[in-house]
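> One structure coming up, written as structure tokens, with questions to follow.
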Amino acid sequence: MEEGGPSDFLVTFHKIMIYGAIAMLIVAFLIWLFHQIKVSSIKNYKAKYDFIRKNEIQNYKYAFIVVAVGVAMFINTYGKDTLTFDTVWFLVRGFISVAGGTLVGYIGSLILQYYYPTKLDRKLKKWRYTPRINPQSGNKMRLLREDEEDVHLDEGMRAEEDVFSVDYDVWIDEMTGRTQVEKYPGHLEALQCNNCGFFTMKVAREEIVREATAEKEGELIKHYECQYCGSVRATQFNIAKEHNYEDYTPEKLAFKKNTSVNMVKLEILGTSGNKKNYTFQSVEQAEKFLSEFDMDSAQ
Ligand SMILES: [Zn+2]
């Protein structure tokens, strides 16, 4: 060991950190690369949509975590040529590296939570609305409008669409009449009915069994009713203390039939600054959606 130079332990430690940091960056790149390869290997657009929706943010999250570990390792090499072993310095640097890695991971999670969803949404829309090809005839298929698609859906599916829990797209090959139905998540959450299996369980009414006071929690029973088969279910909830009930009466909007409307865009801002965007094909649909809308179940 040279006088004033780094000890053998530190030399080894720094080597591990440097190679580790490089390895982490390579692993993060590989995670990203494998995700892209997997996406482009899926030929079916609907399957591609499902894969991206289910995995993309998750995989990017893993990549960010690995980058964060790499950054932490890299910070641990700071001052590596001048350092003689000093426990305090070593621990302080270790602590800073953890903080740095956490910061990088945190920034990554903010990006994925706030910035990325808009980009992901555009990507998903592209795969959802790219014209399908009939595998049997090779013809380009056409996406039916909401008012055209009903005859191709069964009653349960229509009930799911009516409560906005599931959105069905119906593609038709106009030359052969062959249709293809695709299922997408809707704008509002509904529970799955235990009886008929459709996602049509909605809160029919809420009953306050005991009002909440400043000292004690209240009790609320939500009565669910299946909008398709009519079966009912009740679940008890606690009401937080000192709850503020604000009267809210949605304004009735009186629209005429708007046949020339091509698209209705809705932006709903929540009290906590959260923002929800929706698009509809008709004014009637948007109106119906608003009457069903509930910020707590918005997706
Ligand atoms: Zn049911």
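The values are calculated or read from the model by the stated rules, or taken from the named source; none is laboratory data. These numbers were taken from a predicted model, which means no experiment stands behind them. Using ideal geometry, Cβ is built from the backbone for each residue, glycine included, and neighbour counts are taken over all protein chains shown.
> Only one of TYR168, TYR184, TYR129 is crowded, with 17+ Cβ neighbours inside 10 Å and either over 26 Å from VAL261 (Cβ atoms) or hydroxyl-bearing (Ser, Thr, Tyr) (or both). Can you tell me which? Outline the logic, then answer.
On the way: TYR184 fails: crowded, with 17+ Cβ neighbours inside 10 Å; TYR129 fails: crowded, with 17+ Cβ neighbours inside 10 Å.
Criteria check complete, one pass: TYR168.
> Scan the range 184-227 for residues that are in a strand (DSSP E or B), charged (D, E, K, R) and within 16 Å of the ligand (Cβ to nearest atom) and jot them down.
LYS202, GLU225
> Can you find even one residue in the range 15-30 that is loosely packed, with under 14 Cβ neighbours inside 10 Å, of a type outside the set (Asp, Glu), within 25 Å of the chain's Cα centre (by Cα) and at pLDDT 95 or above?
Yes, the range 15-30 contains at least one residue that is loosely packed, with under 14 Cβ neighbours inside 10 Å, of a type outside the set (Asp, Glu), within 25 Å of the chain's Cα centre (by Cα) and at pLDDT 95 or above.
> Could you please give the count of residues in the range 91-129 that are of a type in the set (S, T, N, Q) and modelled with pLDDT of 95 or more?
So the answer is 2.
> Among the listed residues LYS119, LYS123, LYS80, which satisfies the condition of being surrounded by 13 or more Cβ atoms within 10 Å (Cβ to Cβ) and within 22 Å of ASN274 (Cα to Cα)?
One residue alone meets the criteria, LYS123.
> Please find, among GLU206, GLU211, GLU215, the residue that is in contact with a Leu (Cβ under 8 Å, 6 or more places away or on another chain) and surrounded by fewer than 14 Cβ atoms within 10 Å (Cβ to Cβ).
After applying the criteria, what remains is GLU206.
> May I ask you to list the residues in the range 163-183 that are of a type in the set (S, T, N, Q), closer than 25 Å to GLN285 by Cα and more than 16 Å from the ligand (Cβ to nearest atom)? Outline the logic, then answer.
Quick first cut of the range 163-183, residues of a type in the set (S, T, N, Q) only: 165, 176, 179-180.
From what's left, closer than 25 Å to GLN285 by Cα: 165, 179-180.
Matches in the range 163-183: THR179, GLN180.
> Let me ask another. Kindly evaluate LYS46 against the criterion of being touching an Asp or Glu at 6+ places or on another chain (Cβ under 8 Å) and surrounded by 15 or more Cβ atoms within 10 Å (Cβ to Cβ).
yes
> When the residues of the range 214-260 are narrowed to those that are of a type in the set (Val, Ile, Thr) and at pLDDT below 80, which ends up nearest to GLY197 (Cα to Cα)? Break it down stepwise before answering.
So the first thing to find is which residues in the range 214-260 are of a type in the set (Val, Ile, Thr), and the list is 221, 232, 235, 239, 249, 259.
Imposing the further condition that a residue be at pLDDT below 80 reduces the set to 239, 249, 259.
On the way: ILE239: 29, THR249: 33, THR259: 35 Å.
Per the stated criteria, the residue is ILE239.
> While we're looking at this one, here's another question. Can ALA190 be described as within 20 Å of the chain's Cα centre (by Cα), touching a residue at least 12 places away in the same chain (Cβ under 8 Å) and crowded, with 20+ Cβ neighbours inside 10 Å?
So ALA190 fits the description; yes.
> Return the residues of the range 3-44 that are in contact (Cβ under 8 Å) with a residue 12 or more places away in the chain, assigned to a loop (DSSP other than H, G, I, E, B) and not small (Gly, Ala, Ser); say none if nothing qualifies.
Of everything in the range 3-44, just one residue is in contact (Cβ under 8 Å) with a residue 12 or more places away in the chain, assigned to a loop (DSSP other than H, G, I, E, B) and not small (Gly, Ala, Ser), namely PRO6.
> Could you check the range 263-296 and list, in sequence order, the residues that are in a loop (DSSP other than H, G, I, E, B) and of a type in the set (A, V, I, L, M, F, W, C)?
Residues satisfying the conditions are MET263, PHE293.
> Let me ask something additional. Which pairs do you get when a residue that is over 26 Å from ALA190 (Cβ atoms), found in the range 201-215, comes within reach of a residue that is part of a strand (DSSP E or B) and at pLDDT below 85, reach meaning Cβ atoms under 9 angstrom, with the pair 6+ apart or on two chains?
Going by the 9 Å Cβ cut-off, the qualifying pairs are ARG210/GLY218; ARG210/ILE239; GLU211/GLY218; GLU211/ILE239; ALA212/GLY218; ALA212/ASN238; ALA212/ILE239.
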